[in-house]
1. Ignoring everything except DSSP H segments at least 4 long, calculate the 222 nm mean residue ellipticity for the chain; use -39,500 (n - 2.57) per segment, divide by total residues, nearest 500.
2. Classify the stretch 258-332 as rounded, prolate or oblate, taking a ≥ b ≥ c as the square roots of the eigenvalues of its Cα gyration tensor: rounded when a/c is under 1.5, otherwise prolate if a/b is larger than b/c and oblate if not.
3. Please determine, in degrees from 0 to 90 and to the nearest 10, the orientation of helix 222-251 with respect to the longest principal axis defined by the Cα atoms of the chain, where the helix direction is its Cα long axis.
4. What are the ³J(HN,Hα) values, in whole Hz, obtained from phi via the Karplus relation 6.51 cos²θ - 1.76 cosθ + 1.60 with θ = phi - 60°, for each residue of the stretch 579-590 in sequence order, with x given for Gly and Pro?
5. For the chain, treating each Cα as an identical point scatterer without solvent, what Debye log10 I(q)/I(0) comes out at q = 0.09, 0.10 1/Å?
6. For the stretch 528-611, take N as its residue count and report Rg(C-alpha) divided by 2.2 N^0.38 Å.
7. Take every Cα-Cα pair in the stretch 478-546 and report what % of them are more than 18 Å apart.
8. How much of the DSSP beta bridge set in the chain is antiparallel, as a percent to the nearest 5?
Amino acid sequence: MSKHDPFDFSNTLPIINEDTEFFPLMSQQDEDEMNNEETPDVLAILPLRNTVLFPGVVIPITVGRDKSIKLIKEAYRAHKIIGVVAQKDVSIEDPTFEQLNKVGTVAHIIKMLQMPDGNTTVIIQGKQRFKLLSEIQNEPYIKAAVAKFEESRHKKDKEFKALVDSIREMSAQIIQLSPNIPSEAAIALKNIESTSFLINFISSNMNAEMADKQKMLEMANLRERAEMVMELMTTELQMLELRNQIQSKVRTDLDKQQRDYFLNQQLKTIQEELGGNSVDLEFEDLKKRGSKKKWPVQVKAHFEKELDKLGRMNPAAPDYSIQLNYLELLLELPWNEFTKDNFDLKRAQRILDRDHFGLEKVKQRIVEYLAVLKLKKDMKAPILCLVGPPGVGKTSLGKSIARALGRQYVRMALGGIRDEAEIRGHRKTYIGAMPGRIIQSLKKAGASNPVFVLDEIDKVGSDFRGDPSSALLEVLDPEQNNAFYDHYVEIDYDLSNILFIATANSLSSIQPALLDRMEIIEVNGYTIEEKVEIARKYLLPKQKENHGLGLKDIHLKPALLERVIEDYTRESGVRGLEKRIGSLVRGIATKIAMDEPYQATMSQDDVERILGAPVYDKDLYEGNEVAGVVTGLAWTQVGGDILFIEASLSPGKGRLTLTGNLGDVMKESATIALAYLRAHAKAFDIDHRLFDQWDVHVHVPAGATPKDGPSAGVTMLTALTSAFTQRQVKPNLAMTGEITLRGKVLPVGGIKEKILAAKRANIKDIILCKSNRKDILEIKEHYIKDLNFHYVTEMSEVIDFALATNKVKQPLDLQVRDMPNPVS
């Protein structure tokens, strides 16, 4: 019941239904019959916490105590008569006989209901008052000896009648002044005939303390009880009139701002009563936290200005929460907060070597950075970009660098980002504005000098919402990022202490201006020997731990690992290899879990049983029985690979047909190779009339796979020359290089990946441009000891080395029809 409502009729049940024939308005005859009923000598006692039951009044009560539920059920099945007594202390869960008031009411159980929430609700009607004499039992519930409460007679004179009329009139006034009390309540009170029931009914429903209601129940004289009801109602009516008068007077003067202030003051009081933070406490907390920050001067002035702005705001205004969130962000950003760098270079080298096998160039660059930072104490952090195929460890390298430096590690995935606001943030005026992901990541890191990995920077897109790669120009420019501007923060933030490491699979899709700001470090694929070591030192122990196996539960010999690499993977990285090793470990784990016998040292048969038949054949080079088939080397996003160029001749008119889903560059390479061959036919001992009498068809197998790039120029020329001369191509030979009409061989990229692909295919001789010798020198010598490199500068050198002197076993009979000699 609200403290502003003088009456509470929520417990009164003016209900008539098919199960209960009950009228809440009791007549004088009903009251007389009720008073003449005999009071039992012994009653089962039901303690009530917040309610005092008066004779004649019907109320519902919710029963929750186990004792009370048992009492109600037994009484409902029997005579339905119980004793109801209010307990002295409402906080006591299980009151004893001594903790109950000495006067209660005999109650009749009208109805017992099981509620959906599991509680039991009982509708009871008061009958007579009684006194508690002594306790008979306390288990399973209290039973007591009782005696009827004798009421003293009162004189029914004009004064008493005037008192009752005043109570009726005052009740009507209270109901009229109270907006929450229905008007039907006044009619109900007016129709009550019995004076005693009227006093009891009002006493039960009026807004009074439990002690006052119990006091009225214990009054033997009705006149005295009526006077106390009148006194309490007078006080309540005066408070109600005063409150309505104040509200009416103030309502005419309050404008919207004053009304909001009044409500906020009430809210503040409620929050303080509940123990929560009020607006003032929240403001003081922000001010206190701001005084402890290591602000730059301009940031401190900006924060204090924004804090004053918050203090002038109305807490109910929509902008208040926006301003509060903004100040929280300024406080949580790590302004001038740095982690201490670890300058133990030998330790850093050990960490890098332990976490990653190979990658010597990257490790050397990190150690160089640490060395300079140790000597200079302060330097602009470089922007490193690790470029290489998937699975070579570019992203995980960032974690190792952070651990080596002793810095926080932050990774930001850029794949698929198309909104510029993801980098620069939204302006605060927008709904749902947030800072950019750069600022959010720094807030999470808690330091201004983390190792920040920008993953998949080549996958950044652009659309109508902006170009995120252009927004990254300021982030990744060492000359500008000391004053990075985020639209949400609205103040420059220094990013120059962050060690940015970007990763990419290809440089072709990166904006040139963005590419110019980064230091490119190529992370090429691994050789078979490197993969064996990585599998032995890193992948196998990791999979054992992930699958709950011990160190001695499974053993893979280096020779077996090499077979797995060659027969079941074809990649530059080791991601697919890790999956294959995981399958082998799961196969052993299944044997152990099912208590089946197995050999810890796996054999080739075990590998084929778990992984199936070999997927790839390393002997991929074509035989030389047919002229015009040459093995070339290609670069793909997943590493190096080999491809075949097939050239065939058929009688015709000298047309050139190209198939195999080729791009424009490869088509141009085929056209240039044929043009060069026609121009130098005599040098290669080819009758020039063949070019006009035979059609040329050049095909690159796997037609469903798009192919493009300049690396197939020398391969195209060799295939065409082999077809026109019907000379064999030397076995175990592959080549790569770009050609020109002048007969020059130009260098190409992706050499290491191509060399690894050639070695996987068991190729022994490789033809390269002389300018690519520097790329070979970067590969460790023991990884390429079985390969022979032949460096060329002219296309004629390629033909001289690639083609054997003898013809194929079944050469094509290239007939030349008689034609007039060309005009000289």
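Computed from the coordinates by the stated procedures, all read-outs in this text should not be read as laboratory data. What you are looking at is a predicted structure, and each value in this text was computed from that prediction instead of being measured.
1. Dividing the helical sum by the residues of the chain leaves -12500 deg cm²/dmol.
2. Note, shape of the stretch 258-332 comes out prolate.
3. Helix 222-251 sits at roughly 40 degrees to that axis.
4. Computed from phi, the couplings for the stretch 579-590 are 5, 5, 5, x, 5, 5, 5, 5, x, 6, 4, 5 Hz.
5. Log-scaled intensity ratios, in q order: -0.98, -1.09.
6. Values: Rg = 11.9 Å, N = 84, 2.2 N^0.38 = 11.8 Å.
Against the empirical 2.2 N^0.38 Å value, I get 1.01 for the stretch 528-611.
7. 65 percent
8. Numbers: 53 of 92 bridges.
That works out to approximately 60 percent antiparallel.
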